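Engineer: Please find one structure pasted underneath; my questions will follow.
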Amino acid sequence: MKRNYWENMASSYQEEIFDVLQQDKKKLLVRAIRKYSKPSQQVIDIGCAVGKWLPVLSPVFKKVIALDISINNLKIAQRLHPTLENVDYKRADMSNPALRVPKVEFGICINAILTPHAKDRLIFFNNLKKCIKPNGFLVLTIPSLESYLLTRIVQQQFNIDKKEFSESITGKKALIKWKNLIQGVGEIDQVPHKHFLKEELILMLKKSGFDVLEIKKIEYPWTTEFNRPPRWLHSPKPWDWMVVAKKD
């Protein structure tokens, strides 16, 4: 998504955008950050949005760079966290090939690589490579394509929320959706978002100079996908991928 999308979304971000920090009931992300971080290090929160992760990062790092494409998001983050004195705010577009990014020992990127455009994603991964120092760590979450497809298979098989999933499309619009889907781009609230296969994500990180140390599912309740999930629908649950990677 382009900058205008996030600028317009900023005022309603807390209500509209999925909260990974709140929904990660097992605290896998928090534990990964604490496991690999050092208090002498600097961390960059890539796609920090309104700063939900800043209170987690600020106490365990020497300095936090909060980076986002939206100046409105950054203003809200500053307003929400006035007491976090070791946070610097920076507006930047990770899909800009000419971007100059600060080099740090640690990075987090929570569901920020969402652009449906392959060219922009390649630039984003290249900028990830540039901003993490050798032997530095990256904690990343990404929407899972496997989970996206599982949700739609379960919905079709058991007719869950039939009205919400009843869109009928033909012609050019159907062709566009098909081409998007085979590239892992699925719609969330009618907005195209990139979703990743596990192996695809590992491959992209390796090509960007990272070794994958951990990859886990951050599982969510089915109420995050359906308005009225059946009572019997428990496991498997929908999920995002969480990756811990180390820079070569």
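Engineer: Would you list which aspartates and glutamates come within 15 Å of K194, measuring only between C-alpha atoms, while excluding same-chain residues fewer than 8 positions from it?
Structural biologist: D120, E146, D240
Engineer: I've got another one for you. Please give the helix 198-207 orientation as an angle from the longest Cα principal axis of the chain, in degrees from 0 to 90, rounded to the nearest 10.
Structural biologist: 30 degrees
Engineer: Okay, moving on. Provide the gained length on full extension for the span L149 to K75, in nm with one decimal, where the gain is 0.36 nm per separating residue minus the Cα-Cα distance.
Structural biologist: The L149-K75 span can extend by a further 23.0 nm.
Engineer: Given the options I153, T170, L80, identify the residue whose Cα lies farthest towards the positive end of the charge dipole of the chain (+1 on Cβ of Lys, Arg; -1 on Cβ of Asp, Glu).
Structural biologist: Working it through, the farthest residue towards the positive pole turns out to be L80.
Engineer: Within segment 151-248, which GluC sites (Glu not before Pro) sit in a loop by DSSP and count at most 11 neighbouring Cβ atoms inside 10 Å?
Structural biologist: Sparse-neighbourhood loop GluC sites (Glu not before Pro): E164, E167.
Engineer: I would also like to ask the following. Starting at 0 and stepping by 10 Å, how many percent of the alpha carbon pairs of segment 142-248 end up in each bin?
Structural biologist: Values per bin, smallest distances first: 13, 39, 31, 14, 3.
Engineer: When the dipole is taken about the Cα centre of segment 76-186, and only Lys, Arg (+1) and Asp, Glu (-1) are charged at their Cβ, what size is it in debye, to the nearest 20?
Structural biologist: About 440 debye.
Engineer: Counting alpha carbon pairs within less than 8 Å and at least 6 residues apart, what relative contact order, in whole percent, applies to the chain?
Structural biologist: In percent, rounded to a whole number, it is 19.
Engineer: Test of the criteria: in segment 139-248, which trypsin sites (Lys or Arg not before Pro) are in a DSSP loop and have at most 12 other Cβ atoms within 10 angstrom of their Cβ?
Structural biologist: Here the sparse-neighbourhood loop sites are K162, K163, R231.
Engineer: What net charge do the residues around Q156 carry, taking every other residue with its C-beta under 15 Å from that of Q156, with Lys and Arg at +1 and Asp and Glu at -1?
Structural biologist: Summing Lys/Arg as +1 and Asp/Glu as -1 gives -1.
Engineer: So if I average 1/r over every pair of distinct C-alpha atoms in segment 76-171 and take the inverse, what Kirkwood radius in Å does that give?
Structural biologist: After inverting the mean inverse Cα-Cα distance, the result is 17.0 Å.
Engineer: Is there a quick way to get the dipole size of the chain? I mean about its Cα centre, with the Cβ of Lys and Arg at +1 and of Asp and Glu at -1; what is the value in debye to the nearest 20?
Structural biologist: 560 debye
Engineer: Could you give the semi-axes, largest first, of the ellipsoid that matches segment 35-121, computed as the square roots of 5 times the alpha carbon gyration tensor eigenvalues and rounded to whole Å?
Structural biologist: 21, 16, 11
Engineer: Now for a different question. For the pair D161 and K173, how long in nm is the line joining their label points, each one 7 Å along Cα→Cβ?
Structural biologist: 1.9 nm
Engineer: First compute the accessible area of the chain with a 1.4 Å probe, then give the percent of it belonging to carbon and sulfur atoms.
Structural biologist: 52 percent
Engineer: Right, something else. Give me the 1.4 Å probe accessible area per residue for the chain, excluding ligands and nucleic acids, in Å².
Structural biologist: Result: 54 Å² per residue.
Engineer: OK, next. Calculate the FRET efficiency for V191 and R231 from the Cβ-Cβ distance with a Förster distance of 35 Å, rounded to the nearest 0.05.
Structural biologist: Step by step, r from the Cβ atoms, then E = 0.70.
Engineer: A follow-up question, please. I need the Kirkwood Rh of the chain: take the reciprocal of the average 1/r across all distinct C-alpha pairs and report it in angstrom.
Structural biologist: 18.9 Å
Engineer: Work out, step by step, the length gained on full extension between A118 and N135: first 0.36 nm times the residue separation, then minus their alpha carbon distance; give nm to one decimal.
Structural biologist: Here the answer is 3.4 nm.
Engineer: Along the Cα→Cβ direction, 7 angstrom out, place labels at L203 and K103. What is the inter-label distance in nm?
Structural biologist: Output for this residue pair reads 3.0 nm.
Engineer: Quick check for you: which residues of segment 93-114 have the amide N under 11 Å from the point 7 Å beyond the Cα of Q183 toward its beta carbon?
Structural biologist: Hits in segment 93-114 for Q183 at 11 Å: none.
The values are calculated or read from the model by the stated rules, or taken from the named source; none is laboratory data. Given the structure is predicted, the values throughout are model-derived calculations rather than measurements. FYI the Cβ positions are ideal-geometry reconstructions off the backbone, even for glycines, and counts take in every protein chain you see. Surface areas here come from the heavy atoms of the whole protein model, side chains and all, with no ligands, DNA or RNA. Shrake-Rupley method; radii C 1.70, N 1.55, O 1.52, S 1.80 Å.
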